[in-house]
Amino acid sequence: MTQINYEKGRIPGQESGIEIRHSLCDICSPGMHCGLDVFVKDGKILKVEGTEGFPINNGKLCTKGAGNRQYVYREDRILTPLKRVGERGEGKFEPISWDEALKLISEKFLQIRRDYGADKVAFYSGYSKHYRFMLRRLASVFGSQNYGTESSSCMTSGLMAWLIASGMPMGMNMPNAELVLGWGANGFHSRYPMIRNMYKNMEHGLKVITVDPRITPASQRLASLHLRPHLGTDGALALGIAHVLIEKDWVSHEYIQKYVHGFEEYREYVKAFTPERTYELTGVPAEDIYKAAEMIHEAHGICVPESSTLGHHRNGMQNYRAIMSLLIITGNVDVKGGQVPAPHSFMERNCGFETYEEEFMEERWPKDAPKAIGADRFPLWYELRKDMQANALADNILKQDENSVRAILALGMNYRMFTEDAKYIEAIKKLDMFVDVDLFLTDTAKYADIVLPACTSLERETFMPYAGGQVWMTKKAIEPLGEAKPDTEIISLLAQYMDLDDDLLKGGYDACLKHILRDLPVTLEEMKASEKPLKLPDIKPYVFGTMNEKGWPTPTGKLELYSELIAAHPEWGLDPLPTYTEPYNPDPEKYPFRLCAGARIPNALHSRLHDVPWERSLLPEPSVEMSMEDAERLGIELGDDVEIFTNIGSLTFKAIPTATVMPGDVFIYHGYREKDINSILDGTNLDPYSGFPAYRSAYCGLRRCA
Ligand SMILES: Nc1nc2c(c(=O)[nH]1)N[C@H]1C(S)=C(S)[C@@H](COP(=O)(O)OP(=O)(O)OC[C@H]3O[C@@H](n4cnc5c(=O)[nH]c(N)nc54)[C@H](O)[C@@H]3O)O[C@H]1N2
Ligand SMILES: Nc1nc2c(c(=O)[nH]1)N[C@H]1C(S)=C(S)[C@@H](COP(=O)(O)OP(=O)(O)OC[C@H]3O[C@@H](n4cnc5c(=O)[nH]c(N)nc54)[C@H](O)[C@@H]3O)O[C@H]1N2
Ligand SMILES: [Mo]
């Protein structure tokens, strides 16, 4: 209590010289940016609090958000543009001016374009998203299709599954739902705003089924039923539930007949997934499968959260398709409380209004340029995304042939997000030029020829749209540290220095925003003048059933269980139905443990917070969670060193035996510099539909270190 009062004692006002500036937390997910009150004195941040009344967080901050001050002032912040003087990776740089840096980059990129073609320069973005519409356009105007992002392994696999079924992004209508299939959803650690919504709706009777191999806060506090399939077997489980629904005649025949394509083929396929066989494949007992089917049958309005977890498997996209199919056959798509159309407003979020963001990104797309990297290996990805599958980038470079990329402009590249990531460093070493724009001098940035300093969300104004038709320009809380600049300004400067044919990009962030937001009933100036998000007038609620009646943008105009898009391309070697394949284990005898690398922990966001003292203190050492049973069997105790080995390599972690993990499973978080789990995951173990790595259904051996 005294502690809290002491903090609150920092009272803003004339006397104390402390001012509160309204900004946002950009550490986490792009759609859920939380409002921050930043307490500033003499241009320095003293502390941060959540903004009361803010649409997403209403005064609350999570573990990560509370670390914003330490994040902004991390010791390795880059303060000036840097030019490499030592060997790649050595980390020896000299400061140079912005003018010099931009000239060096522009001259090299233009020379590569002249000598080898525009596609030999790739444009990459890490997790941050606020500048992506400009980066994509920069790549296009430059002439390269090789624009790619971290979305090559994030939520996009699930999005692709919907693009196949309905032709558009879809979202939950949770306020009207009676049941959420919380498949791989433990928002307590990854998406707390979603959990708050669930709690709110549970007061009106919403029920939740959690499907998670682990016991989690979500399974304990929210779930009426908790199914615990083995990692990466979700497709079999969904098909098993479908089997029961069909057998009991709990499907919606009228709905299927009117709106669904391919039910006959699908029914034929799921016949084999009897509860007994499903149990063998997934470990979920038959009675739980019946119980889930019964709950689905009884609910009016069922929806399923988007998920990256489910995409992180070699069979990930098909598994997610199998899950969605449960909604389709029970008539829960485009109905009240079901999965409903969620066209994107900005940054892949649905906010209830339209912008010209997509047009802005697409209109200059160089359709005659060589196809983006990965188009040959992951044709479905390319068909649906029209950008580079970043998981194919290292191989493209390492091949060193006439198609290999020669330069990369990266905004926030963290090579440790890729599996078998040493390949990425080898690839970067082969480049003529690697430019990394980041907040911090990361291990990846150390390989760059030129490093450019970006600034955090607290040092810039950022356009943010929110669900329900809300828009805002956040406030700068402090001036950029050193010579750091917003990414958007850096992109615009590059367009100017290369003198690309695009007045909008050259005109800067505000000019681009004004262009894509031109039909909104409020102006950018009005957003800037407001201390909080503005609600747009006349946001019309979606009328359920519109798309079912109008017809979906799929080849048949119906919701497709059987994909005619895939069927039209037998050369892709992909299945039109949501078929199930087992996760890949290179040698079950050597690698008997199922390894999930990456289930979210509250105090980390990929590589960003491992070097933030408050966050690190909550779990100081990279650890492996394992079952009590396995620990006992192998003589392992809390804190023991445990060796994890795969077909690629081995690493040691501190053991955390826990009752939340099933025997045979192990859980390890990623992004640690000193214990990088991705360095020992097989880089060829990719989903042929999406190109996503199997981060969550890898296999390993485990032993106690002597
Ligand atoms: N094993 C395993 N690997 C995974 C995953 C997993 O679950 N398991 N998850 C995957 C998923 S879902 C994702 S989304 C990816 C995320 O992977 P990354 O995109 O690599 O995520 P980060 O490490 O958070 O961020 C990348 C870089 O962006 C920098 N950065 C932060 N803010 C800014 C900014 O405003 N501007 C610029 N220019 N740079 C900035 C950071 O300092 C960091 O160096 O990881 C993937 N990798
Ligand atoms: N604290 C924190 N929050 C984050 C992030 C972070 O790094 N840290 N990353 C952000 C990003 S980029 C993303 S994409 C999202 C991810 O968000 P989510 O996908 O919601 O989060 P995860 O914790 O990775 O996975 C949720 C649950 O899925 C379970 N799970 C793992 N594998 C399987 C499986 O094969 N089947 C089933 N049924 N369940 C499985 C895990 O046990 C875990 O409890 O989180 C975002 N939020
Ligand atoms: Mo992600």
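Points worth noting:
- Test for THR419: is it part of a loop (DSSP other than H, G, I, E, B), open to solvent by less than 20 Å² (accessible area, probe 1.4 Å) and within 16 Å of ligand 1 (Cβ to nearest atom): yes
- Residues satisfying the stated conditions in segment 660-684, i.e. within 14 Å of ligand 2 (Cβ to nearest atom), of a type outside the set (Phe, Trp, Tyr) and open to solvent by 10 Å² or more (accessible area, probe 1.4 Å): THR660, MET662, GLY664, HIS670
- Residue satisfying all of: in segment 201-240; hydrophobic (A, V, I, L, M, F, W, C) and in a helix (DSSP H, G or I); surrounded by the fewest Cβ atoms within 10 Å (Cβ to Cβ) among these: MET202
A quick yes/no check of all residues on (1) open to solvent by 10 Å² or more (accessible area, probe 1.4 Å); (2) in contact with a strand residue (DSSP E or B) (Cβ under 9 Å, 6 or more places away or on another chain); (3) of a type in the set (Ser, Thr, Tyr):
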{"position": "PHE360", "(1), (2), (3)": "no, no, no"}
{"position": "LYS371", "(1), (2), (3)": "yes, no, no"}
{"position": "GLY374", "(1), (2), (3)": "no, yes, no"}
{"position": "LEU384", "(1), (2), (3)": "yes, no, no"}
{"position": "ASP395", "(1), (2), (3)": "yes, no, no"}
{"position": "ALA410", "(1), (2), (3)": "no, yes, no"}
{"position": "TYR415", "(1), (2), (3)": "yes, no, yes"}
{"position": "ILE428", "(1), (2), (3)": "no, yes, no"}
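- Of all residues in segment 178-189, exactly one satisfies the criterion of being away from ligand 3 (no atom under 16 Å from the Cβ), closer than 22 Å to MET155 by Cα and open to solvent by 10 Å² or more (accessible area, probe 1.4 Å), namely PHE188.
- Within segment 322-332, the set of residues being closer than 23 Å to PHE544 by Cβ and either touching a helix residue (DSSP H, G or I) at 6+ places or on another chain (Cβ under 8 Å) or outside any helix (DSSP H, G or I) (or both) comprises ILE323, MET324, SER325, LEU326, ILE328, ILE329, THR330, GLY331, ASN332.
- Residues satisfying the stated conditions in segment 138-161, i.e. out of contact with any Phe, Trp or Tyr (no Cβ under 6 Å at 6 or more places or on another chain) and open to solvent by less than 10 Å² (accessible area, probe 1.4 Å): LEU138, PHE142, SER144, GLN145, ASN146, THR149, SER151, SER152, THR156, MET160
- Taking each residue of segment 395-413 that is in contact (Cβ under 8 Å) with a residue 12 or more places away in the chain and assigned by TED's automatic domain parsing to the domain that holds ILE450 and looking for partners that are open to solvent by less than 20 Å² (accessible area, probe 1.4 Å) and polar (S, T, N, Q) with beta-carbon atoms closer than 6 Å, six or more apart or interchain, yields ASN396/SER404; ILE397/SER404; LEU411/SER125; MET413/THR444.
- The C-beta contact set for segment 297-324 (first residue assigned by TED's automatic domain parsing to the domain that holds ILE164 and among the acidic types (Asp, Glu), second residue within 16 Å of ligand 1 (Cβ to nearest atom) and open to solvent by 10 Å² or more (accessible area, probe 1.4 Å), distance under 9 angstrom, 6+ apart or interchain) comprises GLU306/MET155; GLU306/LEU159.
- Residue that is farthest from TYR266 (Cα to Cα) [pool: residues in segment 542-563 that are open to solvent by 60 Å² or more (accessible area, probe 1.4 Å) and in contact with a Gly (Cβ under 9 Å, 6 or more places away or on another chain)]: TYR542
- Selection count, segment 287-313, where residues are assigned to a helix (DSSP H, G or I) and either open to solvent by less than 30 Å² (accessible area, probe 1.4 Å) or within 16 Å of ligand 3 (Cβ to nearest atom) (or both): 8
- Residue count for segment 249-282 under the criterion of being part of a helix (DSSP H, G or I), closer than 17 Å to GLY331 by Cβ and of a type in the set (S, T, N, Q): the result is 1.
- Residue satisfying condition, being more than 16 Å from ligand 1 (Cβ to nearest atom) and either on the phi > 0 side of the Ramachandran plot or small (Gly, Ala, Ser) (or both), within set SER152, SER190, SER252, SER157: SER252
- Entirely in segment 596-706, the strands (runs of 3 or more DSSP E) that have 2 or more residues that are closer than 27 Å to GLY126 by Cα and under 27 Å from the mean Cα position of the chain (by Cα): 623-627, 650-658, 665-668, 698-704
- Yes/no for LEU110 being over 25 Å from PRO370 (Cβ atoms), in the same structural domain as ALA394 (by TED's automatic domain parsing) and more than 17 Å from the chain's Cα centre (by Cα): no
- Meets criteria (within 16 Å of ligand 3 (Cβ to nearest atom), over 19 Å from LEU326 (Cβ atoms) and open to solvent by 30 Å² or more (accessible area, probe 1.4 Å)) for TYR192: yes
- Single unsatisfied condition, GLY671 versus (1) away from ligand 1 (no atom under 16 Å from the Cβ); (2) out of contact with any Asp or Glu (no Cβ under 9 Å at 6 or more places or on another chain); (3) touching a residue at least 40 places away in the same chain (Cβ under 8 Å): (1)
- One residue from LEU565, LEU605, LEU609, LEU595 being of a type in the set (A, V, I, L, M) and under 27 Å from ASN173 (Cβ atoms): LEU565
- Long-range neighbours under 6 Å by Cβ, at least six apart or interchain, first residue in the same structural domain as PHE142 (by TED's automatic domain parsing) and open to solvent by less than 30 Å² (accessible area, probe 1.4 Å) within segment 87-106, second of a type in the set (Phe, Trp, Tyr) and modelled with pLDDT of 95 or more: GLY89/TYR447; LEU102/TYR497; SER106/TYR497
- Residues located in segment 125-161, provided they are part of a helix (DSSP H, G or I), away from ligand 2 (no atom under 16 Å from the Cβ) and of a type outside the set (D, E, K, R): PHE133, MET134, LEU135, LEU138, ALA139, SER140, VAL141, PHE142
- Scanning segment 455-478 for residues that are open to solvent by 10 Å² or more (accessible area, probe 1.4 Å) and touching a His at 6+ places or on another chain (Cβ under 8 Å) gives a single hit, LYS475.
- Test result for ALA448, within 16 Å of ligand 2 (Cβ to nearest atom) and among the aliphatic types (A, V, I, L, M): no
The values are calculated or read from the model by the stated rules, or taken from the named source; none is laboratory data. Being a predicted model, the structure only gives us computed values, none of them experimental. For neighbour counting, all protein chains shown are included, and Cβ atoms are generated from backbone atoms with ideal geometry for every residue, glycine included. To get the accessible areas, we keep the full protein, side chains included, count just its heavy atoms, and leave off ligands, DNA and RNA. Shrake-Rupley method; radii C 1.70, N 1.55, O 1.52, S 1.80 Å.
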